[in-house]
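The values are calculated or read from the model by the stated rules, or taken from the named source; none is laboratory data. Remember, predicted model here, so these are calculated numbers, not experimental data. Reconstructed Cβ throughout: ideal geometry from the backbone, glycine too, with neighbour counts over all protein chains shown. Heavy atoms of the whole protein, side chains included, go into the accessibility calculation; ligands, DNA and RNA do not. Shrake-Rupley method; radii C 1.70, N 1.55, O 1.52, S 1.80 Å.
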Amino acid sequence: MSRVQTLSDFYKSHEWRRLRQSLMIQRSHPAKGLLCEHCKEVILKDIDCIAHHIKELTPSNVHDATIALNPGNILLVHHRCHNAIHERFGTASAQKVYIVYGPPLSGKTTFVRASKGRKDIVLDLDELYRAITLLPPYDKPSELALNIFQLRDVLLDQIKTRTGKWSQAWIIGGYPNFVERERLAQQLGAEIIYIEVPQEECVKRLLQDRDKQYVQQDWLNYIHDWFLKFTPTPPRSEFQETESGTGEGTSDARKPKF
Ligand SMILES: [Zn+2]
Ligand SMILES: [Zn+2]
């Protein structure tokens, strides 16, 4: 803990992740599962759960375990409820950034739509295309790629430098490659959320999607390519505990081995 430098280092720290995980287990109802401590509805998936600090974490108290790692100061809630809590108390959470990745048709946008708040930024290449072409979704002329990429880079820079008064930023993309994903997360101080859906399920959704019936072959290829390129995040034992044993670790010890 003592060597954790910033809020974003804290959220990546082994101590925090372990605490969040154990609270999720301890607070699960044997029959109903994990219930949101704000709306009392069930939290269906791990990625839907956010651990909120009642006394807000700041760069000056993040080192204080009686605040940062105190179960009594932590509520497990839905993303959407987390937005509602911060809205009600007028406390901006510290402009958290999420990278939401997964295969085509995994439901990344659906997840972000359900999780985001009104003052959040969503960065999604597909939507950028739509914004400047008025074309139907998935019609993305490659001639415009340069313009789209430059627009994306401007927004990525705003997100990285926390420019403006947005609450949270969500970056949606395939990001199959672990190294690239992790590099982007480091650059942006982002948390990574994997929308995990098996390949057969993506294909099934494609075949049921009437909007894509004339571009099915293209999409089969996108799905196939994504799974070919996919390199999963290494299991926690290698990834976050490379020099475990002291139970303390430094932020360096948590950097992935390539
Ligand atoms: Zn809730
Ligand atoms: Zn919070």
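Assorted remarks:
- Remark: pairs (first residue in the stretch 101-124, over 25 Å from residue 165 (Cα atoms); second residue basic (Lys, Arg) and modelled with pLDDT of 95 or more; Cβ separation under 7 Å; 6+ apart in sequence or on different chains) = 102/108; 105/205.
- Residues that are over 10 Å from residue 81 (Cα atoms), under 19 Å from the mean Cα position of the chain (by Cα) and assigned to a loop (DSSP other than H, G, I, E, B) were ranked within the stretch 28-53; the one that is modelled with the lowest pLDDT is 45.
- Of all the residues in the stretch 200-216, those that are open to solvent by less than 60 Å² (accessible area, probe 1.4 Å) and either modelled with pLDDT of 95 or more or within 16 Å of residue 174 (Cα to Cα) (or both) number 4.
- All conditions but one from (1) touching a residue at least 24 places away in the same chain (Cβ under 8 Å); (2) within 24 Å of residue 79 (Cβ to Cβ); (3) of a type outside the set (D, E, K, R); (4) part of a helix (DSSP H, G or I) apply to residue 175; the one that does not is (4).
- Test: residue 119 is in contact with a Leu (Cβ under 6 Å, 6 or more places away or on another chain) and closer than 23 Å to residue 193 by Cα: no
- Unmet requirement for residue 65, which otherwise passes all of (1) within 16 Å of ligand 2 (Cβ to nearest atom); (2) in contact with an Asp or Glu (Cβ under 9 Å, 6 or more places away or on another chain): (1)
- Residue pairs whose Cβ atoms lie under 7 Å apart, sitting 6 or more positions apart in sequence or on different chains, and linking a residue in the stretch 205-234 that is in contact (Cβ under 8 Å) with a residue 12 or more places away in the chain to a partner that is open to solvent by 50 Å² or more (accessible area, probe 1.4 Å) and in a helix (DSSP H, G or I), are 206/216; 206/220; 223/199; 227/199.
- Residue list for the stretch 125-172, restricted to those being aliphatic (A, V, I, L, M) and free of Cβ contacts under 8 Å to residues at least 12 places away in the same chain: 131, 134, 135, 145, 146, 154
- Yes/no for residue 25 being part of a helix (DSSP H, G or I), more than 14 Å from ligand 2 (Cβ to nearest atom) and β-branched (Val, Ile, Thr): yes
- Taking residues in the stretch 181-193 that are over 17 Å from residue 155 (Cα atoms), and partners anywhere that are in a helix (DSSP H, G or I) and among the charged types (D, E, K, R), the pairs with Cβ atoms closer than 7 Å and at least 6 places apart or on different chains are 192/181.
- Residue check for residue 43: closer than 15 Å to residue 23 by Cβ, open to solvent by 50 Å² or more (accessible area, probe 1.4 Å) and within 16 Å of ligand 1 (Cβ to nearest atom): no
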